[in-house]
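Note sheet for the following structure.
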Number of protein chains: 2
Amino acid sequence: MERFAIRGQICYSENQKTIRTIEHGYVVCEDGKSIGVFETLPEKWSGIPCHDYGDRLIIPGLIDLHVHAPQYPFRGLGMDQELIDWLNTHTFPEEEKYQDLEYAKKAYTIFLDDLLHSATTRACVFGTCHPDATLWLMEQMEEAGLAGYVGKVNMDRNSPEGLCEESAKASAEATENWILAAKNLFNVRPILTPRFIPTCSDELMERLSGLQKKYNLPMQSHLSENLSEIDWVKELQPKATCYGDSYRIYGLFGGDCPTIMAHCVYSGEEEIRMMKEQGVFVAHCPESNANLASGIAPARKYMEQGMQMGLGTDVAAGSSLSLFRAMAMAIQCSKLRWRLVDQSQAPLTVEEVFYLATKGGGAFFGKAGSLEEGYEFDAVVIDDQKIRHARPLSVRERLERLIYLDGDARVEAKYIKGKQVI
Amino acid sequence: MERFAIRGQICYSENQKTIRTIEHGYVVCEDGKSIGVFETLPEKWSGIPCHDYGDRLIIPGLIDLHVHAPQYPFRGLGMDQELIDWLNTHTFPEEEKYQDLEYAKKAYTIFLDDLLHSATTRACVFGTCHPDATLWLMEQMEEAGLAGYVGKVNMDRNSPEGLCEESAKASAEATENWILAAKNLFNVRPILTPRFIPTCSDELMERLSGLQKKYNLPMQSHLSENLSEIDWVKELQPKATCYGDSYRIYGLFGGDCPTIMAHCVYSGEEEIRMMKEQGVFVAHCPESNANLASGIAPARKYMEQGMQMGLGTDVAAGSSLSLFRAMAMAIQCSKLRWRLVDQSQAPLTVEEVFYLATKGGGAFFGKAGSLEEGYEFDAVVIDDQKIRHARPLSVRERLERLIYLDGDARVEAKYIKGKQVI
């Protein structure tokens, strides 16, 4: 058994309404899992190694349910279009470059280094349709000690020549080979990643469904993000009763295999019902939805309905890997939605967005996103002393402030599954 | 004559539609003013001192048209209420503390240091109703080399006991004494600052109007920010044809004395017409308007109408002193407004928000907010090398990226009126 403790100003989400803080408290790790949070270190563990981080904040590692690694090079650029034009103008030309493994290595190295030094411990990542580059990304993520899922993207129609896979069969075969090649990775696992309905033919979806059953894979994709996209899906899948149903008819919409759908800005009652029944996770990406003028997802409604939900940065339609920024935007956008769209749905609170960024998204990984007993020991130590104040602040206030002002804070240490990675 | 040059990756706004960039260009300063931007240093100045900042970005100093210095201690905290409740719960209790000059010095020292190290060179600042603390703030701002206007706030009704000035007469007298006490300050000047109509009696407004005429003072206040506030002003000033008219009837609404009105989220046609006629500046504060769930100001409409406009951070209803964040939020909120409210008004562009944060707001100070000939030499040198990319970016792209990712950038040097302040 390997046991150790870390000590500091502890802060985690108990539930959607409550943040628990313990001043100068302890979290004890045993074989990669937390065995509890304590105000004083229990006698029986008095001899274990303990790293005391003093006045630093200790929070659970943040969970990014939706991020596109190959889009990192153009983050913060070219967000003057809506989804489909933005894909064609900015995204696809950049993603084409990843057929060149050397370019991919250069670009992914920057992404990985920034992800490592962020407060994110686990992420669900889109790669490109290129198996080699995607595998390299996974290997390096694992090597760096990060955890998560990475998907080789599938796209066999409505895509530029340089990105469009040769056929449904070729796309599925490349995907299967990539799944097999990733068999030695433990913390970074493959996730089935049909880009979205417009770029995936019926045959491809059927083949992916076969792969999902064969390898029992989780899945990630996009759903009901943009009005033109939704119209296009209706044309492409006239039989489907809603956008979500166009995945469901292939069996690719949750159920036995955990599934994340990014955005859900315009999910209607039927889609919501279907997602609840199938346990599909919503990756709420507020900054992306503002940057591409998609709209504001009804996150309050999804929480009230008890849907599974977490936050996504959605780089590069979101500009930053920071989940603190995503939390701030989730609150801000929910306030604008309350003001401009629907006053029956109260804005999100600090408690709620912190829950989404930790336990909410963490549920996709089993027991992740908390410091409580039984959770994976994913913890982030944050130095916020550059954010100065004239009066003393509580640990809860420091967390709230960090959500809005994380640019002035620094991740000092990070643990994933009990291993210190920075 | 004192002449020198700085060299770097230069970037400034020519007009609302155009950003000009000059790679490794020069800006020449003569006695505190720019005498031009050049691709190569003209022969006649070949001997002057030149600081070469290499690959660093050089932009005009940013202009913050609306910020509350005493609210800095609770930035990023307690934004779960609308305007009036937020004022009573968070703002007024904090501002009361500034009657204690020692507290004020401690708190303002942090504000000043962060402002100094930000990309902002000029700001229009609200103090509190306390003359001593406000004067101390002004003296320290001037001492640090910063420029701008600072206002001792006036409030003689609907305010908590600890902040409510004794009478209109006492408020006006304290204001006059403060104006006289500031006579030795040059770069940081007094600005008349009635908080807003709800806290200023008719008699106080009349007395302030008298002071404005006597001392030829600029003015700043709040306008049409929140729906409940607007209703309240209607009750308090039944004769006024709109909120703006409730200032105008005292002669306190632009004209000969430059005036800034923060927010203007709900200004109607008549208010707009009145502001245009009187040359009143709009301080557009998009983050504040989201945080307090006020709404989204129709910035596009104001630009189309040719109104004077700049950006404000509005700390602490805005969380950060960063005008880059304000620029990003201005774009993002304009996209949400386009999507959710009015598709006839296109979202703001990078060119437009950079204009607002420089020349747009700078016009309040005469010739400020550009590097072009004849403008005050206010320049900021920015180190953005932590924002890495896999491919080379143009200077224009680096500026765009900085707007979204300024948390990873650092102000390396700053010049105000030709004097290097950091």
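A simple rule links phi to the HN-Hα coupling: the Karplus curve 6.51 cos²θ - 1.76 cosθ + 1.60 with θ = phi - 60°, which for the range B:390-398 gives 7, 10, x, 10, 6, 4, 4, 5, 5 Hz, with x for Gly and Pro. The C-alpha atoms of chain B define a longest principal axis, and helix B:323-340 lies at about 70 degrees to it.
Within a straight-line Cα-Cα reach of under 14 Å, B:Lys276 can be paired with the following aspartates and glutamates, leaving aside sequence neighbours fewer than 8 residues apart in one chain: B:Asp245, B:Asp256, B:Glu304. Charge tally around A:Asn289: other residues with Cβ under 10 Å, Lys/Arg +1 each, Asp/Glu -1 each, net -1. Once you reduce the range B:250-329 and the range A:106-141 to the center of their Cα atoms, the two points are 42 Å from each other. Sorted from longest to shortest, the spans of the Cα atoms of chain A along the three principal axes equal 62, 51, 38 Å. Overall, the range A:71-165 carries a charge dipole of about 240 debye about its Cα centre when +1 sits on the Cβ of Lys and Arg and -1 on the Cβ of Asp and Glu, all other atoms neutral.
For the protein assembly as shown, DSSP calls about 45 percent of its internal beta bridges antiparallel. Close amide H pairs (under 5 Å, H built 1.01 Å from N) link B:Val150 with B:Val125, B:Arg189, B:Ile191, residues at least 5 positions away or on another chain.
To the nearest 10 degrees, how steep is helix A:168-181 against the longest Cα principal axis of chain A, on a 0 to 90 scale? So the helix axis and the longest Cα principal axis differ by about 30 degrees.
Chain B contacts chain A over a buried accessible area of about 4400 Å², both sides summed; the probe is 1.4 Å and only protein chains count.
The residues packed around B:Gly361, meaning those with a beta-carbon under 11 Å from its beta-carbon, carry a net charge of +1 if Lys and Arg are +1 and Asp and Glu are -1.
Cross-link pairs exceeding 30 Å between alpha carbons, from the set A:Lys386/B:Lys105; A:Lys97/B:Lys17; A:Lys105/B:Lys335; A:Lys301/A:Lys386: A:Lys97/B:Lys17; A:Lys105/B:Lys335; A:Lys301/A:Lys386.
Per residue, the solvent-accessible area of the protein assembly as shown (1.4 Å probe, heavy atoms of protein chains only, all protein chains present) comes to 34 Å². Take every DSSP beta bridge whose two residues both sit in chain A; close to 45 percent of them are antiparallel.
Here the range A:138-265 is treated with +1 on each Lys and Arg Cβ and -1 on each Asp and Glu Cβ, and its dipole about the Cα centre works out to around 360 debye. The residue among B:Ile260, B:Gln212, B:Ile22 whose Cα reaches farthest toward the positive pole of the charge dipole of chain B, with charges on the beta-carbon of Lys, Arg, Asp and Glu, is B:Ile22. Distances, shortest first, from the label point of A:Gln81 to those at the same position in the other copies read 4.6 nm; the point lies 7 Å along Cα to C-beta. Evaluated with a Cβ-only charge set (Lys, Arg +1; Asp, Glu -1), chain A carries a dipole of roughly 1000 debye about its Cα centre, given to the nearest 20. Counting charges near B:Pro60 (Lys, Arg +1; Asp, Glu -1) among other residues having Cβ under 12 Å from its Cβ returns a value of +1. Over chain B, dividing the summed -39,500 (n - 2.57) contributions of all DSSP H runs of at least 4 residues by the number of residues returns a 222 nm mean residue ellipticity of -9500 deg cm²/dmol.
Of all lysines in the structure, those lying under 21 Å Cα to Cα from A:Lys169, and not within fewer than 8 positions of it along the same chain, are A:Lys152, A:Lys213, A:Lys214. Over the protein assembly as shown, the hull volume per residue, using the convex hull of the C-alpha atoms, is 159 Å³.
The values are calculated or read from the model by the stated rules, or taken from the named source; none is laboratory data. The shown structure was predicted, so the numbers you read here are calculated from the model rather than taken from an experiment. Heads up, the Cβs are rebuilt from the backbone with ideal geometry, glycines too, and the neighbour counts pull from every protein chain shown. The area values use the complete protein model at the heavy-atom level, side chains included, leaving out ligands, DNA and RNA. Shrake-Rupley method; radii C 1.70, N 1.55, O 1.52, S 1.80 Å.
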